Amino acid sequence: MIEARGLSKRFGSVVAVDDLSFDVRPGTVTGFLGPNGSGKSTTMRMIMGLDLPASGSVTVLGRRYHDLPWPLREVGGLLEAKAIHPGRSARAHLLTLARSNAIARTRVDEVLELVGLSAVAGKRVGKFSLGMGQRLGIAAALLGDPGVLLFDEPVNGLDPEGIRWVRTLCKKLAGEGRTVFVSSHLMAEMALTADHLVVIGKGKLISETSVADFVARSSHQSVKVRTPAPHQLSDAVTNAGGTVIADPDGSMTVTGLSASEVGDLAASIGVSLHELTPVASLEDAFMELTDEAVEFRGGS
Amino acid sequence: MTAVVEAPTSFEGERIPGRAGLRRAMAAEWTKLWSVRSTMWTLVATVVAVVGLCALGTGTVSSSEIIDDPTRRSLIGIFLGQLIFGVLGVLVMSAEYGTGTIRATLSAQPRRPVVLTAKVLVFGAVAVVVSEILSFSAFAVGQAILSAKHAVGSSAAAGHRAQQLGVKIPHNIQAFLSMGSASLGQPDVLRAVVGAGLYLVVLGLLALGLATIIRHTAGAISAFVGVVLVLPIIAQALPTSISNAVARYLPANIGLVMFSTHGLPDRIGPAFSPWAGFAILVLYAAVILGIGCWVLVRRDA
């Protein structure tokens, strides 16, 4: 359980996190979604007591991180990949952390095995790829078998197999009753991994919702339609203010009208429908929500 | 048919009593120190360089040269050693910032003064052992070389020795007394050899404190070099009246007093006694480490 209340952080004159309040509950994967520079990493650093909030507070399991008796046994965090001395081996790095929190030496080899780094345990971290660095970061997070896990952009640098592995791991950890908080700037990735979402932009909370609700509330829905009379329906849709794109497989995608509006329209002109599927574009929904809150935008 | 949705039970990890404290933090620092190759390399290089410089400093003495203080002569390599100990002390902290390991360290032990204390104690303990090995071997090698050369001591050295023994020696005879090499049994010699090692330890800790404040390796090393090498040069450039008042407070001059038995160079002016100087040096390191701790607690990691 993570509880943020009125959390704010300023870097000079820049407000990085602005009056942020949210809860992250155990037993589900909560996605922390926001464009780059929206304050996700800063928020995660504040949860782990690395950055000090300008105002507000955040607690883990009802305590400030600073007051946790055995921090690594309560909270595991992957904040940056490869933030490790390059001359140290993966095993030595984990051993250092284990000793600081009275974690058994055998657990080090256990987590190395779990993330698939056993073969390179004695290799210096400086020679690791970004993906291996991420796996080592995840191993460090799991070291104390903690009930709360924070992963900041865990799939960065991972290959497709690795991405799927992280996704499965997050769900498995949540299934064990742990609190799993995963940040990403990729909506599609979040939709596959998370059950709940905390969406922020420019450091402000935009939405705290379930993934299903988030998708349903999106106004950028399109409808996939298959009909034996495409031209007739196409004209009717255009007249009703919709837009039609013909798809290569013979179906068409309608935007600007809801699925029920398209169905009613087809019935009114006597055209039969073989398929009528609402399709939500998650990326669009995310863009729409954070549109007002994007810090950096390329010229259009 | 009704689907039973089971509410996920909250995860319960293993509960153990107590809390992560200084002892655990020191164990972690110990592992950290010895799990990078550079630590051992640097320490071996230090011993080789300092003892080598001592052999050079004593080996080049000609048999007719007059040596004022054979103890100091053999320990002159300490001035090289202080730079290496400074770099080591800096790296204990700055390497954490340079590589980002500090985030992992502070996640494991969020009470930051505990982390700094663990670093001071572990590095300090290693430094004491290495620096004393260093100063005793430099002394042993240096004196062996000097006595093999039957080096000639100065009349001042002989006079000083006679004074310590409470013996009155006619001035014209002093010059014939050879005090060209020293042994640990002579007055002040053991103090000077032990002092040379302690001087290195305190400078290493001072460097650790500077790195805690500055956080960047290059910046912290520059500051350290400024304190031990540049300040004496500036002090010497000042008018004698000011220079005399300031010089004895400089770490390098305190060090020189600490590993001399007598006959200090004029540029130091009126110096503190070896142990008073040492106390001042410890105070410097404590103040710098105190400021370091204060900013460590207040700044974002």
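Mind giving me the FRET efficiency for B:S38 and B:I16? R0 is 41 Å, r the Cβ-Cβ distance, nearest 0.05 is fine. Show your work: numbers first, answer last.
Working: r = 34 Å, r/R0 = 0.84.
Result of the calculation: an efficiency of 0.75.
Inside 10 Å of the C-beta atoms of A:66-73, what's the mean count of C-beta atoms belonging to other chains?
Per residue, the number of nearby Cβ atoms from other chains is 6 on average.
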Under 5 Å, built H, 5+ apart or other chain: amide partners of A:L149:
A:G76, A:T179, A:V180, A:F181
How high is the relative contact order of region A:221-280, given as a whole-number percent (alpha carbon pairs under 8 Å, six or more residues apart)?
52
Could you give the angle, 0 to 90 degrees to the nearest 10, between helix B:112-148's Cα long axis and the longest principal axis of the Cα atoms of chain B?
30
In the protein assembly as shown, how does Rg compare with the Kirkwood Rh, expressed as the Rg/Rh ratio over alpha carbon atoms?
1.19
Considering only B:I78, B:I67, B:I133, give the residue with the highest GNM mean-square fluctuation for chain B, with springs between Cα atoms whenever their separation is below 10 Å.
B:I133
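Could you line up A:E176, A:E153 from fewest to most neighbouring Cβ atoms inside 10 Å?
Details: A:E176 16, A:E153 22.
In increasing order of surrounding Cβ atoms, one gets A:E176, A:E153.
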Please list, or write none, the aspartates and glutamates whose alpha carbon is within less than 19 Å of the alpha carbon of A:K123, excluding same-chain residues fewer than 8 places away.
A:D109, A:E110, A:E113
May I ask you to list the lysines whose Cα is less than 29 Å away from that of B:K149, ignoring any residue fewer than eight positions away on the same chain?
B:K168
Spin-label zone in region A:22-43 - amide nitrogen under 19 Å from a point set 7 Å from the Cα of A:T209 along the C-beta vector
A:22-25, A:29-35
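How big is the antiparallel share of DSSP beta bridges in the protein assembly as shown, given as a percent to the nearest 5? Show your work: numbers first, answer last.
Numbers: 34 of 54 bridges.
In the protein assembly as shown, DSSP labels about 65 percent of beta bridges as antiparallel.
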Pull up the cross-link candidates among the aspartates and glutamates for A:K9, meaning alpha carbon to alpha carbon under 12 Å and not fewer than 8 places away within one chain.
A:D18, A:D19, A:D51, B:D300
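Largest first and in whole Å, give the semi-axes of chain A's equivalent ellipsoid, each being the square root of 5 times a Cα gyration tensor eigenvalue.
Ellipsoid semi-axes (Å, largest first): 44, 22, 17.
Mind checking A:95-108 for the average number of partner chain beta-carbons within 10 Å of each residue's beta-carbon? Don't skip to the end; give the middle numbers.
On the way: counts 5, 12, 9, 5, 12, 18, 9, 8, 5, 0, 0, 0, 0, 0.
Mean shielding count: 6.
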Take every Cα pair under 8 Å in chain B that's 6+ residues apart, average their separations, divide by the length, and report that relative contact order as a whole percent.
24
Order of A:V262, B:V246 - criterion: other Cβ atoms within 10 Å of each residue's Cβ, fewest first:
B:V246, A:V262
Per DSSP H run of n ≥ 4, the term is -39500 (n - 2.57); total these for the protein assembly as shown, divide by its residue number, and report the mean residue ellipticity at 222 nm rounded to 500 deg cm²/dmol.
-16000 deg cm²/dmol
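Going by how many other beta carbons lie within 10 Å of each one, how would you line up B:L83, A:L130, fewest first? Before the final figure, lay out each step's value.
Values: B:L83 18, A:L130 12.
By the 10 Å Cβ count, ascending: A:L130, B:L83.
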Normalise the Debye intensity by I(0) for region A:221-280, one equal point scatterer per Cα, no solvent, then take log10 at q = 0.12, 0.28 Å⁻¹ and round to two decimals.
-0.20, -1.32
Helix axis angle, B:155-165 relative to chain B longest principal axis, alpha carbon, degrees:
80
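With the radius of gyration and the Kirkwood radius both derived from the Cα set of chain B, what is their ratio Rg to Rh?
When Rh is taken as the Kirkwood radius, the ratio is 1.15.
Could you give the dipole magnitude of region B:23-298 about its Cα centre, charging the beta-carbon of Lys and Arg +1 and that of Asp and Glu -1, in debye to the nearest 20? Let's see the in-between values first.
Working: 18 positive and 8 negative charges, 169 e Å.
Dipole about the Cα centre, nearest 20: 820 debye.
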If you take each beta carbon of peptide A:114-121 and count the beta carbons of other chains within 10 angstrom, what is the mean?
0
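Laboratory data are not the source of any read-out in this text; all were calculated from the coordinates shown. Since the structure is predicted, the reported quantities are computational estimates derived from the model, not experimental observations. All Cβ positions, glycine included, derive from the backbone under ideal geometry; neighbour counts span all protein chains shown.
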